[in-house]
């Protein structure tokens, strides 16, 4: 029996598209749609599925609060894979419906927000309705006697619900994307590939200023680049934040290992979320420091040197 | 005629409570509830009202996306005041309803999330329903033939809708709070009070690493503390962020003025959102640098010294 | 009557060569040799001469203590020019003396140290004697009945004392150089040339750690590069240092002016020693920060922007 | 036979006093005076003596160039002890000479410089003569038919040469001190005492800016304080420096070991000069960073944590 994977449903969402991209050969029957991000995490924790796929951040909307809340304070799981899915919206209708026939359009509020310009230009007279997901909109349109003429949904939803694509690529930001992660139960990490990402949550100590700069310097001094930095409230009152970080590299790398130990020492708490192959490229906005002297070989050589000088072998 | 103020409605929300706290003597008739954060901003821009109050961040949920989106990319307005409102939830019912009678409870999804523990312990058998705001829940309960027995809402909602408080303070986090800001059209800034806050959005230049540390250093070197740092996607693709910052002090302060000029020079863009009296206290988590030599008098003395040495008067 | 200049004598030293390089057309009669660096400073202070030339640092020996002591704690003067003179040594003798005849060689101890290799290879059997300056050695050789057969001295000494060059370029480090500075009484600074150097002494505040990093950051944040950093004891006990710094740029530059004001605010004391045209190039080993946003125009634009936002003109 | 120790002679110098302080019970016969710092190093290297004592820095004059040159570029030796000796000067004469009889005073130039004020006030009419060391001055005064009436020398010189102290403590800076180090051949390091000092020379890579700040940050991030930072020319041309550093702690300490490995990776070269018990206290002027999370126990705990997360044990 193949592995089973939970995902944020219903069927036909961008999350299902992400899961298919991560498990290209898997049978559809092994995919388990869940209602809500928390349900996906729960299914993984319970052992009901091998892994679960959820959205982490969108290039327009930012971090997905439900996912981040689980990563920050839920029972720990590991991220073992990620994938970035372009957020392309399609206007779907039942067969036989033309663009001119569309008077009532359903979709998810975020999708509506991201297609507002196109809708204003091409469907200025139509009414818009928001429902719980883009897939739910597609499903509603597909039903006999549907209250809507068309749905704005992910490309994958058409096939799923037997709808016809009236217009593709109607998003106002053609380069919009969402990053999805797959969660698994704690266990051996994916092997380093040379192009990895490591995700963390760092809780700063409250009792001294400069904590954020200290934190960034722990990475900078070892030449570790950051690609994501997202502050989130800790829940302990206004002005108290933790930081969700993605660093370039694998925890098995010497430089990243040393940086994490530094974080561990200066932070109130550090949550390790996983090291996994990096999908796509993003801007590396920190640090300002060594690009030289940071390979595993550099660390190894320096460690041997330290052993020698600790024995007084300096000649 | 008194000034009129828009706020995120409907009547009876936490936002109305915030507005009342900012304008304690104003007649209720001068308060204009709006549907949606964007409508509040629009009412201020159009001149229909003098100012508008919206939530900015919650100590549990984090930044309010709709507000932050307006601050980052909407037509510029200024923040001229802030207030932090404790997020205390009350269980309201019609007169004559007892706790034991409550079988159907309505509220906003965030409120439900924040009262989940209490509800599980005391209303384990009741059904819960989510509606568009806590005030809408209260309003629905107040109507004859209401489909709900009780509403979880802000304390202010009881008076507004003629309901009875069954239980107060049912939130799981008794110290939860939301910070609200008042937006006005560009014009003279509030005078410095000695305890001010300055809000900014900084867009990093993409083309060089270390940009975030550089940014923090611009504050650190002048001894300016930060109290909020929130990354938001710029919308230009995954991994591209801008930073919403709150610094301690007023733009009229020498040290803050110099820091802002530094930001202006190194960033792709900087949006100034306002300098205004600081409500409450929060953790100052950066920088790690001078607490000495940072008063207006220090800056003035140093400027006079520079003038002298530029004239060669060193003796 | 032309300006008169004091220099570290006697005639025929590298310092005289430096003075000639700075005042190429001046008559020899206007050059006043002094015995000792302190005498040069005294001659300038008294008004007896317009300026005085002294060595500041040598690429092999480091800073010249007597000069640095005057800069750190003497009555203030300004540096208005610098010149780097290659330290090339010549073996001089009276006419008729051949290399094989040289049995007794005189020179200054530093010169001997810098020619040790050549002397060992070519004059292995000769005796060496050290005197108070290379010029004094040349003078001694030139006298009738001289106790020495040859002198190691600056190329300029041959002409001065009527000696013959036996071998040129006998220094072990052919690229050795000494930097000389000209001191003048306080007054208008040399105009910026676009390639200037500014010299300072910074006395750190004792009472807080991190003072040196703070100091370097004051330059780094404004994109000002340092080319010299020399620690010197303050004289107040072991472990207490001041720092002699050379920064790239002129105090009239906006970025350097702002950095100096920052230094003034955080240091116990700052001595400004002068801004003057930079001779030659040297390694710029700090900072790690902005190369962008640091021109006078950038500062001017940022200042105008700050004025606007202080007036609330953000639209 | 007891260990023998070389020192910078002649007998009766401050260096002999330093050696006595380091070896309080050793017989005088085991002390070998050398002419010149280089001779002391040579005696240690050759195995002729067990160790050699030389001055490293003076609180008024700064680093001792001959010693620093050996540390930077001589055949490597280890520092295994240090001692700080107060620089107190005594005016010595032959028995029967009174202060009023003193017309000719001999001493070393540095000593004369450090007693200039006292001499001007009390011996304004006397002639002063400089010789090669304070001990040589004392020796000269002690001889029959001496050309001098008095010598300014270290307190130890009186006993050595049978002179009478006319006036003690005549230095202008009563708190002046010199730090001496003892050099030994490479071998096992002194055990950590909890109050140690580690000496290094760091040669920066030329090819990138910010190298000095990077270097300081390697210490700062691990919470290692520096107590001495002295730049010296590398000899490769003006503007090229190496840095002689003293860090607080022992190379056996986890935090210092990690900092040294960092230095090794980013520098062109690092010379380890020794870890040894720290004599006296000095100002710790860097870094600005963690005082928490820097004990050996903190490092050990963090290393165990890293092992766990590398195995995926996060639950």
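Every read-out reported here was derived from the displayed coordinates using simple, explicitly stated rules and does not represent laboratory data. Being a predicted model, the structure only gives us computed values, none of them experimental. No Cβ is skipped: glycine too gets one built from the backbone with ideal geometry, and neighbour counts run over all protein chains shown.
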Cut-off 17 Å (backbone N to label point 7 Å along Cα→Cβ of residue A:304), residues of the stretch D:237-281
D:261-262, D:264-266, D:270
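Wrap a convex hull around the Cα atoms of the protein assembly as shown, take a quarter of its surface area, and give that in square nanometres. Could you put the intermediate results ahead of the total?
Details: hull surface 245.8 nm².
Mean projected area for the protein assembly as shown: 61.5 nm², to one decimal.
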Please compute, for peptide B:298-309, the average count of beta-carbon atoms on other protein chains lying within 10 Å of each residue's beta-carbon.
5
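What is the order of D:67, D:35, A:97, fewest Cβ neighbours within 10 Å to most?
On the way: D:67 22, D:35 12, A:97 16.
Ordered by Cβ neighbours within 10 Å, fewest first: D:35, A:97, D:67.
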Provide B:214, D:82 in ascending order of the number of other Cβ atoms located within 10 Å of each residue's Cβ, fewest first.
D:82, B:214
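Give the average, rounded to an integer, of partner chain Cβ atoms located within 10 angstrom of each Cβ in A:166-177.
What the average comes to for A:166-177 is 1.
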What does the helix-only formula give at 222 nm for chain A: each DSSP H stretch with n ≥ 4 adding -39500 (n - 2.57), the total divided by the residues, and the result rounded to the nearest 500 deg cm²/dmol?
-8500 deg cm²/dmol
Taking Cα atoms only, helix A:296-310 is inclined relative to the longest principal axis of chain A by an angle, in degrees rounded to 10, of 20 degrees
When chain C is modelled as a GNM with alpha-carbon springs shorter than 10 Å, which of C:59, C:133, C:46 fluctuates the most?
C:46
Find every distance from the label point of residue B:74 to the corresponding label point in the other copies (7 Å from Cα along Cα→Cβ) and write them in nm, one decimal, shortest first.
3.2, 6.6, 7.3
Could you work out how far the C-alpha centroid of the stretch B:149-220 sits from that of the stretch C:73-139, in angstrom?
74 Å
Only Cα pairs under 8 Å and at least 6 apart count here; give the relative contact order of chain B as a rounded whole percent.
20 percent
Where the label is 7 Å out from Cα toward Cβ, how close does residue B:88 come to the same position in every other copy, in nm, shortest first?
5.4, 7.2, 8.8
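Going by how many other beta carbons lie within 10 Å of each one, how would you line up D:243, C:14, fewest first?
With the fewest neighbours first, D:243, C:14 line up as D:243, C:14.
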Taking only Cα atoms, what is the 0 to 90° angle, nearest 10, from helix A:254-266's long axis to the longest principal axis of chain A?
90 degrees
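Give the calculated FRET efficiency between residue D:103 and residue C:296 to the nearest 0.05, with a Förster radius of 45 Å applied to their Cβ-Cβ distance.
Details: r = 63 Å, r/R0 = 1.40.
Computed FRET efficiency for residue D:103 and residue C:296 comes out at 0.10.
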Under the convention of a label 7 Å out along Cα→Cβ, give the distances in nm from residue B:103 to the same position in every other copy, shortest first.
4.0, 12.6, 12.9
Would you mind computing, in nm to one decimal, how far apart the modelled labels at residue D:143 and residue D:240 are, each placed 7 Å from Cα along Cα→Cβ?
4.5 nm
Between chains D and A there is a rotation axis; tell me the chain D residue with the nearest beta carbon and how many whole Å away it sits.
D:221, 2
Can you compute the modelled spin-label distance between residue A:159 and residue B:26, with each label point 7 Å from Cα toward Cβ, in nm?
5.5 nm
Relative to the longest principal Cα axis of chain D, at what angle does helix D:211-221 sit, 0 to 90 degrees, rounded to 10?
70 degrees
According to a simple spin-label model (label point 7 Å from Cα along Cα-to-Cβ), what is the distance in nm between residue D:193 and residue A:45?
5.5 nm
